[in-house]
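Notes follow once the structure below has been shown.
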Amino acid sequence: MIQIISTFWLRYIHPRLISLIATIGIVGLTSCLLILFVVAKLAEEVLEKEAFAFDTSFLLWLHQFANPSLDNLMLAITSLGSSTTVVVVAALTLGTLWWRHYRVETYIFVLTCLGGLILNRGLKLFFSKPRPQLWTLLISEKSFSFPSGHALGSMVLYGFIAYILATHSPKFSQIIYTLAVILIVAIGTSRLYLGVHWPTDIIAGYGIGFLWLMICITMLKLQRLRQGQSLD
């Protein structure tokens, strides 16, 4: 039995594992496993209808800082993760990639966006978690709460765009990734400020979005490897 397991590991699992580690690195793989664990724990609690004590307390604490100026700022920021903005940004990115003849990036980008959309819609329906109603809201949201579509979508869309830009402009990669992180965090924060999501919704959205983003980037890297391109 041990010999069978050993043979199976060496023949099928080990080569793929080595290829995966070489593609995303030990740190990347470890980060993904850790995030997967956190998301799984959150999902388990949501399925069991358990309430997270810090969800309510954090939102109420954050609401203390509400004022008209911040309201307008957060409404503007949250619009960057809205369906309309996402469609426009995705269409412009898709057109640019196709125009520049980045065919592999184009196909993977389409897959990335479609996968993110399916994950968002499917998981919301699966968990069917109500949104918070702790004060009079400035915006109306009719979909379910978990996970946050803005957090998941912004991570997938702007994260992938940042990766493409950084790949083709390595000198500016730090600036590109920094701006992308600021944008993604700002969008998630705006959802909390506006009271339309629980903190755990945002955490789960970021986690799921990051995992899907890493899968898509890995597919892109492997495709480049097959075509004899260097891995960036």
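The values are calculated or read from the model by the stated rules, or taken from the named source; none is laboratory data. Not measured: the values here are computed from a predicted model. Note that we place each Cβ from the backbone using ideal geometry, even for glycine, and neighbour counts take in every protein chain shown. Areas reflect the complete protein model, heavy atoms only, side chains present, ligands, DNA and RNA absent. Shrake-Rupley method; radii C 1.70, N 1.55, O 1.52, S 1.80 Å.
Below, the figures for the structure above:
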read-out: Amide H contacts under 5 Å for K129, placed H, 5+ residues apart; value: S145, F146
read-out: Diffusion coefficient, µm² s⁻¹, Stokes-Einstein with Kirkwood Rh over alpha-carbon pairs of region 124-232 at 25 °C and 0.890 mPa s; value: 161
read-out: Segments 155-167, 79-91, 56-68, 171-183 sorted - mean Cβ within 10 Å per residue, highest first; value: 155-167, 79-91, 171-183, 56-68
read-out: Phi-based couplings in Hz for region 53-65 (Karplus 6.51, -1.76, 1.60; Gly and Pro marked x); value: 4, 6, 4, 5, 4, 5, 5, 5, 5, 5, 5, 4, 8
read-out: Accessible solvent surface per residue of region 145-211, calculated while the other protein chains remain in place, 1.4 angstrom probe, Å²; value: 33
read-out: Integer Hz, Karplus 6.51/-1.76/1.60 couplings in order for region 119-134, x for Gly and Pro; value: 4, 4, 5, x, 5, 4, 5, 5, 7, 6, 8, x, 7, x, 9, 9
